[in-house]
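Colleague: Sending over a structure as structure tokens; questions will come in a sec.
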Amino acid sequence: MASKLKLLGVFFKDKNKKGWLRIFKELLHFAWIKKEIPIDYIRKFLYRKEITDYKNYLSLKEYVSIIESPKMLIPEIASITDNKLSFSLYCRENKLPSPKLISYNLRNTFFSNDTIVLINTKSELHSFFKNVLFKSHKKKLFLKPLDSSGGKGCILLEEVNLKNQIEEFSEALLKNSYVHQEIVIQHPVISKIYSSSVNTLRIDTYIDQQQNIYVLSALMRFGIGGSFIDNASSGGLYVSVNIDTGELKGKGWQDIAKGGHEFAEHPDSKTILNGYAIPFVTESCDLVKIACKSLPNRIVGWDVAITVDGPIIIECNYGPSLHMTDVAYGGYCKHEKIQEILKEIKN
């Protein structure tokens, strides 16, 4: 409810709105051609003056039809991708580059190499991580809840602040389950835009009925304001990527529930976004196409980080949210493969 009120608040205050009569007409037209209540008209900024082809954006019903279609999704794959531990182990088994798994815990049972430790106190927890950091020669670890999404609940554990962090996060760590991964050192070209988070590519892939694999589109996500998370749901921004040139394309967007701001430049570094060249975009697209063979869901949203040595897979999003890509692409219904998907589902 709070996010919906925030959405409406941004809408009513937005000075870039079309005229009220035009908005009303477009709402009716969108509802008529999509055969549903136009819930996403505001969420996808279709009310803004520069959006003229509003009918080419996915409606909520179209989006749900894709991500819930048994023709598109293999439920067994969700048991691998939706659990951060199983996905990390699966990537290792299938030689897919991903962040190294240093240790993990299943509630108060902690695993490191061949050691299993039952932990019940803060001091025991502090000793475990102190030992893991020492043996792995790491100064930091990135902890992710096994069942989280959108960066929620992640912890950046640092040796220099370990005692205070154990005091703060011990209850969460002992009552929940986490993977403990090495910190990804992103390419300095990307850090130039924003260095406080690992900024990732979101690449959508599609496997057609003939088993041909396609990259539908790509966008780049950036954290803002000191956040170590780049997710749009955490207030970050996203911008389209031209997969042919590897350059950022157009402006950056922020989720409307997080303020709905548009960015010509990153608000922290002041780096101009449009035309900025991102390294290893072609290699990233090639990597996720290879990964599709190991996890053959017909539509997937891949999160890929770029290091100096090339791309690595951070996450595989089963039944991905296509909201960001729809906005960044400028209307996913213009994409011939999206039309192909919708037609197959309907038939």
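Colleague: Mind putting a number on the dipole of the chain about its Cα centre? Charges go on the C-beta only, +1 for Lys and Arg and -1 for Asp and Glu, and I need it in Debye to the nearest 20.
Modeller: 920
Colleague: Here's something else I'd like to know. Just subtract the alpha-carbon distance of LEU28 and GLU124 from 0.36 nm times their residue separation and send over the number in nm, one decimal.
Modeller: In short, 28.4 nm is gained.
Colleague: Okay, next question. Mind checking which lysines have their Cα closer than 26 Å to the Cα of LYS138? Skip sequence neighbours fewer than 8 apart in that chain.
Modeller: Here the lysines satisfying the reach criterion relative to LYS138 are LYS84, LYS95, LYS100, LYS122, LYS130, LYS152, LYS163, LYS175, LYS192.
Colleague: Next question, about the same structure. Using 0.36 nm per residue, how much length does the chain from LEU5 to ILE290 gain when fully extended, once their Cα-Cα distance is taken away? Before the final figure, lay out the partial values.
Modeller: Numbers: separation 285, 0.36 × 285 = 102.60 nm, distance 4.19 nm.
Extra length from LEU5 to ILE290 when fully extended: 98.4 nm.
Colleague: Also: Contact order normalised by length for the chain, with contacts defined as Cα pairs under 8 Å and 6 or more residues apart; what percent is it?
Modeller: 19
Colleague: If each residue of separation counts as 0.36 nm, what is the full-extension length gain between THR115 and HIS137 once their alpha-carbon separation is subtracted?
Modeller: 6.2 nm
Colleague: Which of ILE42, ILE229, ILE33 moves most in a GNM of the chain, Cα contacts under 10 Å?
Modeller: For the chain, modelled as a Gaussian network with Cα springs under 10 Å, the answer is ILE33.
Colleague: Continuing with the same structure: Whole angstrom only: what separates the Cα centroid of the stretch 179-198 from the Cα centroid of the stretch 1-76?
Modeller: 33
Colleague: Can you check what the net charge comes to around THR52, using other residues whose Cβ is under 12 Å from the Cβ of THR52 (Lys, Arg +1; Asp, Glu -1)? Before the final figure, lay out the partial values.
Modeller: Numbers: positive: LYS18, ARG22, ARG48, LYS49, LYS55; negative: GLU26, GLU50, ASP53.
For residues surrounding THR52, the net value is +2.
Colleague: Hey, another quick one. What area, in nm² and to one decimal, does the C-alpha convex hull of the stretch 2-67 cast on average over all directions?
Modeller: If you wrap the Cα atoms of the stretch 2-67 in a convex hull and average its projections, you get 4.7 nm².
Colleague: Something else now. From Cα pairs below 8 angstrom and at least 6 apart in sequence, can you work out the relative contact order of the stretch 222-305, rounded to a whole percent?
Modeller: In percent, rounded to a whole number, it is 21.
Colleague: Related question: From Cα pairs below 8 angstrom and at least 6 apart in sequence, can you work out the relative contact order of the stretch 139-219, rounded to a whole percent? Walk me through the numbers before you get to the answer.
Modeller: Numbers: 78 pairs, mean separation 20.2, N = 81.
After rounding, I find 25 percent.
Colleague: Okay, next question. Using only Cα atoms, what Kirkwood radius does the stretch 101-181 have, in angstroms?
Modeller: Mean inverse Cα-Cα distance, inverted, gives 12.4 Å.
Colleague: May I ask you to list the residues of the stretch 230-251 whose amide nitrogen lies under 18 Å from a point 7 Å from Cα along the Cα→beta-carbon direction of LYS49?
Modeller: Output list for this probe position: 251.
Colleague: Calculate, for PHE228 and LYS346, the FRET efficiency according to 1/(1 + (r/R0)^6) with r their C-beta to C-beta distance and R0 30 Å; round to the nearest 0.05.
Modeller: On the way: r = 42 Å, r/R0 = 1.40.
With R0 = 30 Å, the Cβ-Cβ based efficiency is 0.10.
Colleague: Okay, moving on. Under a Cβ-Cβ cut-off of 12 Å, what is the net charge of the residues other than SER136 that fall near it, where Lys and Arg count +1 and Asp and Glu count -1?
Modeller: Once positives and negatives cancel, what remains is +4.
Read the figures in this text as sums done on the coordinates, not as results from a lab. Worth saying up front: this structure is predicted, and the values here are computed from it rather than measured. Using ideal geometry, Cβ is built from the backbone for each residue, glycine included, and neighbour counts are taken over all protein chains shown.
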